[in-house]
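Here is the structure we will look at, set down as structure tokens.
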Amino acid sequence: MDALFEQLSAVADMALDGRGFDPARLAGVLALFEGEAHASWAAAEAEHEAVARGTEAAVETAQGHLNAVMGAAVGKYRGSSGEADALSAARAAMDMAFKATSGTRPS
């Protein structure tokens, strides 16, 4: 790119000095700039796409990890929910037994 700027500067100096300015040479330098710009654009776009693919892969990995963690948490909750139901039933049975053995007598 620096070489293109030097060529453009030389063409501009020739135009300012009025010595041998060649419009075709200016068009050639500008065409080279255009080619360089297209190449830079393509490289930047390819880099962006590579980063986007990497980011998508990282998101998919994170989603998989989250799904695994959530699945384990749901399984643990369901297990503890069953334990809670069992504890609740045992407590109800104890309450009934306590009421049955307490001093309350039916009349």
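For the range 29-47, filtered to residues that are charged (D, E, K, R) and over 22 Å from the mean Cα position of the chain (by Cα), the residue that is surrounded by the most Cβ atoms within 10 Å (Cβ to Cβ) is Glu36. For the range 42-53, the count of residues that are part of a helix (DSSP H, G or I), over 30 Å from Phe5 (Cβ atoms) and not acidic (Asp, Glu) is at least one. Listed by first and then second residue, the pairs linking a residue in the range 31-50 that is in contact (Cβ under 8 Å) with a residue 12 or more places away in the chain to a residue that is part of a helix (DSSP H, G or I) and surrounded by 10 or more Cβ atoms within 10 Å (Cβ to Cβ), with Cβ atoms under 7 Å apart and 6 or more places separating them unless they lie on different chains, are Leu32/Leu4; Phe33/Leu4; Glu36/Leu4.
Does Leu32 qualify as being aliphatic (A, V, I, L, M) and at pLDDT below 90? Outline the logic, then answer.
On the way: aliphatic (A, V, I, L, M): yes; at pLDDT below 90: no.
No, not satisfied.
Would you confirm, using the coordinates I've provided, whether Leu87 is surrounded by 10 or more Cβ atoms within 10 Å (Cβ to Cβ) and in a helix (DSSP H, G or I)?
Values: surrounded by 10 or more Cβ atoms within 10 Å (Cβ to Cβ): yes; in a helix (DSSP H, G or I): yes.
Yes; evaluated as a whole, the condition is true for this residue.
The values are calculated or read from the model by the stated rules, or taken from the named source; none is laboratory data. No experiment lies behind these values; they were computed from the predicted model shown. Backbone-built Cβ (ideal geometry, glycine too); neighbour counts: all protein chains shown.
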